[in-house]
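Below is one structure, written out as C-alpha cells, with a few remarks after it.
Every read-out reported here was derived from the displayed coordinates using simple, explicitly stated rules and does not represent laboratory data. Nothing here was measured: the structure is a model prediction, and the numbers come from that model. Cβ: placed from backbone, ideal geometry, glycine included. Neighbour counts: every protein chain shown.
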Amino acid sequence: MEKHVLGLELPTDPRWVNNAEKHIGDILIDHAYCEQKAASSCISLIVQYPEHEELVAMLTPVVAEEWAHFERVLAELTARGIKLGRPRKDEYVGKISQLVRKDGTPEQRLADKLLLNALIEARSCERFRLLWLDLKDEGLKKFYYELMVSEAGHYKNFLHMAMRYAGESYTLKRWKEWLAAEAAIIASLEVRPDRMH
C-alpha cells in the first residue's frame, strides 16, 4: 500500500508514527470516532441521494463495515481498560471539508462529497499501514493490517462513484486539486501523535 498507490502527495511525518505507540489509548479513542463518523457520512449521502441507486448500493455495506470497525476499536479499548470518552476536534477533517465546492452542477457537488470521503479513507489507510509496520503489539499490528486493506477498498469505491456521476475527466482533474490541497493542509497542521489524522 505504497504512497503512489494511494496518490497522496505528502507522506505522514515520521514523528507521528514514532510516538503513536506511546499514545495508543488516545489513538484508539480518536480512531473509534473516525469510524463512527465514516459510517455517519455514508448514511448522510444515502439520505441526500436516495435516487442514485448505484451509490446507495455501494454505500450500504460500507456503513455496516465502518460500524463493525467502530465496534472492533471499542473492543480494543475495553481490553485495555480505556473508556471511550468524548470526541476530539478533528482539525484535518474540518479543513479538508472546506474544499467541498458549493457551486457547479449537482453531479460535481456530489463528486466533491465523494472525493472528500475518498481522501479521508486514503489518509486513514496510509496511517493504518504505518501502525501495522511499526507497532510492537502483534494483535494491534494484525488489526491495523486488516483495516488498511478495508479502507483501501473504500477509497477506490468512492473514486469510482465520483467518476460514475461526474465523469472521469472532471473527477481526475478535481482529484489532483484535492490531493494538492490536502498536502498543503497536512504540512500546515501540528503533528499530533494522539490523533489518527
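The number of residues in segment 102-111 that are surrounded by 21 or more Cβ atoms within 10 Å (Cβ to Cβ) and of a type outside the set (Gly, Ala, Ser) comes to 1. Residues that are in contact (Cβ under 8 Å) with a residue 24 or more places away in the chain and polar (S, T, N, Q) within segment 49-72 are absent altogether.
Scoring Thr78 on the criteria (1) under 25 Å from Arg192 (Cβ atoms); (2) of a type outside the set (Asp, Glu); (3) surrounded by 14 or more Cβ atoms within 10 Å (Cβ to Cβ) leaves a single failure, condition (3). Can you confirm whether segment 10-21 contains a residue that is closer than 28 Å to Trp175 by Cα, polar (S, T, N, Q) and surrounded by fewer than 18 Cβ atoms within 10 Å (Cβ to Cβ)? The answer is no; no qualifying residue exists. Within segment 124-139, is there a residue that is touching a helix residue (DSSP H, G or I) at 6+ places or on another chain (Cβ under 7 Å), of a type in the set (Phe, Trp, Tyr) and more than 24 Å from Leu77 (Cα to Cα)? No, segment 124-139 contains no residue that is touching a helix residue (DSSP H, G or I) at 6+ places or on another chain (Cβ under 7 Å), of a type in the set (Phe, Trp, Tyr) and more than 24 Å from Leu77 (Cα to Cα). Taken residue by residue, segment 126-135 has at least one member that is in contact with a Pro (Cβ under 8 Å, 6 or more places away or on another chain) and either under 28 Å from Pro11 (Cβ atoms) or surrounded by fewer than 19 Cβ atoms within 10 Å (Cβ to Cβ) (or both). For segment 40-54, the tally of residues that are surrounded by fewer than 20 Cβ atoms within 10 Å (Cβ to Cβ), within 19 Å of the chain's Cα centre (by Cα) and of a type in the set (A, V, I, L, M, F, W, C) stands at 2. Here is the figure for segment 123-146: residues that are part of a helix (DSSP H, G or I) and farther than 22 Å from Lys113 by Cα total 16. Of all residue pairs spaced 6 or more apart or on separate chains, those with beta-carbon atoms under 6 Å, a first member in segment 13-28 that is within 11 Å of Leu130 (Cα to Cα) and a second member that is charged (D, E, K, R) are Val17/Asp134.
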